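The structure appears right after this line, and notes come after that.
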Amino acid sequence: MVIRNFQPVSANSAKKDALYIIDAGLGAADPRLYLQKIITNNHLVLPGRKIDLAKYDRVFVIAIGKASGVMAGTVDLLTRIDGGIVVVQDKSGLLNKKFKIIQAGHPLPNKNSLVAAKMIIQFLGKTNPGDIVIFLISGGSSSLVALPDGITLAEKQVTTDLLLKCGASIQEINCIRKHLSKIKGGKMLEYLRSDAVSLVMSDVVGNDLSSIASGMTYYDKTTFADAYKILKKYHLEKLVPKSVLQHLSLGVKGKILETPKKVKIKNHIIVTNKNCLDAMKSRAKDLGYSTKILDCLYGNVQDLGPKISKTFSGKKMNCVIFGGESTVVVTGKGKGGRNQELVLYTASDLSKKHKDVTVASVGTDGIDGTTDCAGAIWQSHQRQDAIKQYLDKNDSYNFFKKYGGLIFTGPTGTNLMDIGLVLRK
């Protein structure tokens with residue numbers, strides 16, 4: 001059981017079913033399930049190719065992201081690894097003398113994010129043609145490894161914070177990140193001296209490799225002009241540091257080289273949010289529910305709540321399972337996260353039509369927004385009158401703290417976006 005507070009929060013049979021289904025999705029986000037299928041007998045078995053690791057002098061791992069600790073540890077158990085670097089958000093409990101383990105910043109990069117970037121570049125520069133590097137990439141990488149170009153770390157932090165709060169999509173945020181970086185958008189690979197392959201867990205709607213981890217081991221499909229347009233779209237051009245505008249303007253004028261536009265190494269997506277949704281569908285069916293899946297959901301929680309609500313028939317023993325990544329425009333000074341807000345917007349809309357519907361949504365990484373919980377669960381017949389005042393302040397966490405419904409998992413060591421459901425027992 002991934003959910004730590006299952007008993008206290010499962011107050012009735014409908015909530016219990018909802019949490020069982022959510023837990024199945026969280027369990028399916030474990031990278032070990034997929035790496036065990038790929039690495040066998042000193043080979044990487046990938047679609048259309050098989051890599052014999054025994055033929056290499058040395059096999060290295062560069063693991064970055066929220067799942068990096070679990071991924072690196074798993075690969076080390078399954079085959080010969082001679083060393084490498086693991087960059088994590090939280091390194092507590094990680095002990096492996098083969099790897100240099102760095103704890104860096106998320107959701108904002110910090111000094112250790114710079115240390116990690118420089119260390120990886122140096123490491124790649126010392127590889128030989130007889131070596132192979134296995135990159136293990138998961139959500140959170142864009143912040144955990146950073147090397148600003150033309151701006152300072154502090155200016156990068158300010159810009160990232162503005163982007164995270166304005167309602168921009170992760171594709172838009174990462175477009176700007178790539179054009180303010182010396183390593184993103186495939187630039188990191190310029191330092192590589194050996195063979196390499198990248199195994200990727202997708203935390204981006206649509207599974208676009210140029211957006212996942214800001215395309216660190218891939219290439220970039222966007223331009224400086226795109227980045228500049230995004231700042232204007234969200235009216236940030238007067239809020240970001242002047243150096244950011246100057247750098248992007250120079251890029252638009254062609255005075256700074258564009259990001260790489262060709263792929264240098266093979267990147268393989270090993271698991272996506274859909275794997276979680278399929279596991280939830282299977283669990284829901286076992287519990288007797290008719291199911292429908294809504295995948296690749298994105299957009300503002302205020303719009304997504306009613307959208308999800310509309311797809312629900314209201315019939316008994318029906319379950320709508322959804323996944324993706326919503327956005328929140330932060331205008332208040334409260335405490336919350338996109339999953340908690342999505343639950344409130346969805347439940348609020350459903351309460352106008354149905355009185356016994358359960359809504360739940362969680363982040364597969366176990367961390368929702370600025371809080372210590374993964375998400376929340378609520379029912380359409382529960383208290384609705386206080387919801388608006390909490391949402392107006394972006395204070396969803398304190399709503400659930402007061403009235404109940406917070407779901408706790410702790411950091412899960414993985415990240416495949418968000419999963420949720422609407423059901424009626």
Exercise for the section: Please enumerate the residues belonging to the stretch 234-253 that are of a type in the set (Gly, Ala, Ser), under 28 Å from residue 124 (Cβ atoms) and surrounded by fewer than 19 Cβ atoms within 10 Å (Cβ to Cβ). Expected result: 243
Practice task
Please list, ordered by first then second residue, the pairs with beta carbon atoms under 7 Å, 6 or more apart or interchain, first in the stretch 193-206 and among the basic types (Lys, Arg), second open to solvent by less than 20 Å² (accessible area, probe 1.4 Å).
Solution key: 193/124; 193/127
Fill in the blank from the handout: Contact list, first residue from the stretch 1-28 and more than 18 Å from residue 422 (Cα to Cα) and free of Cβ contacts under 8 Å to residues at least 40 places away in the same chain, second anywhere and buried (at least 17 other Cβ atoms within 10 Å of the Cβ) and not small (Gly, Ala, Ser), beta-carbon distance below 8 Å, six or more apart or interchain, is 1/23
Practice task
Identify, by number, the condition in (1) open to solvent by 40 Å² or more (accessible area, probe 1.4 Å); (2) at positive phi; (3) not in a loop (DSSP other than H, G, I, E, B) that residue 369 doesn't meet.
Solution key: (3)
Handout entry: Options 406, 391; residue that is surrounded by fewer than 24 Cβ atoms within 10 Å (Cβ to Cβ) and under 21 Å from the mean Cα position of the chain (by Cα)
Key = 406
Exercise for the section: Go through the stretch 144-173 and give me each residue that's at positive phi and open to solvent by less than 40 Å² (accessible area, probe 1.4 Å). Expected result: 167
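Could you tell me whether any residue of the stretch 39-49 is of a type in the set (Val, Ile, Thr) and in contact with a strand residue (DSSP E or B) (Cβ under 6 Å, 6 or more places away or on another chain)?
no
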Exercise for the section: Identify, by number, the condition in (1) open to solvent by 10 Å² or more (accessible area, probe 1.4 Å); (2) in contact (Cβ under 8 Å) with a residue 40 or more places away in the chain that residue 383 doesn't meet. Expected result: (2)
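Looking only at strands (runs of 3 or more DSSP E) that lie completely in the stretch 250-347, which have at least 3 residues being free of Cβ contacts under 8 Å to residues at least 60 places away in the same chain?
On the way: elements: 266-271, 290-300, 318-327.
By residue number, 290-300.
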Completion exercise
Out of (1) touching a strand residue (DSSP E or B) at 6+ places or on another chain (Cβ under 9 Å); (2) in a loop (DSSP other than H, G, I, E, B); (3) under 21 Å from residue 316 (Cα atoms); (4) not hydrophobic (A, V, I, L, M, F, W, C), the one residue 409 does not meet is (3)
Completion exercise
Per the filter on the stretch 87-114, residues part of a loop (DSSP other than H, G, I, E, B) and open to solvent by less than 40 Å² (accessible area, probe 1.4 Å) are 104, 105, 109
Exercise for the section: For the stretch 198-233, enumerate the residues that are in contact with a helix residue (DSSP H, G or I) (Cβ under 7 Å, 6 or more places away or on another chain), among the aromatic types (Phe, Trp, Tyr) and either open to solvent by 10 Å² or more (accessible area, probe 1.4 Å) or under 15 Å from residue 188 (Cα atoms) (or both). Expected result: 228
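The values are calculated or read from the model by the stated rules, or taken from the named source; none is laboratory data. Computed from a predicted structure; not experimentally measured. We place every Cβ from the backbone using ideal geometry, glycine too, and count neighbours over all the protein chains shown. Heavy atoms of the whole protein, side chains included, go into the accessibility calculation; ligands, DNA and RNA do not. Shrake-Rupley method; radii C 1.70, N 1.55, O 1.52, S 1.80 Å.
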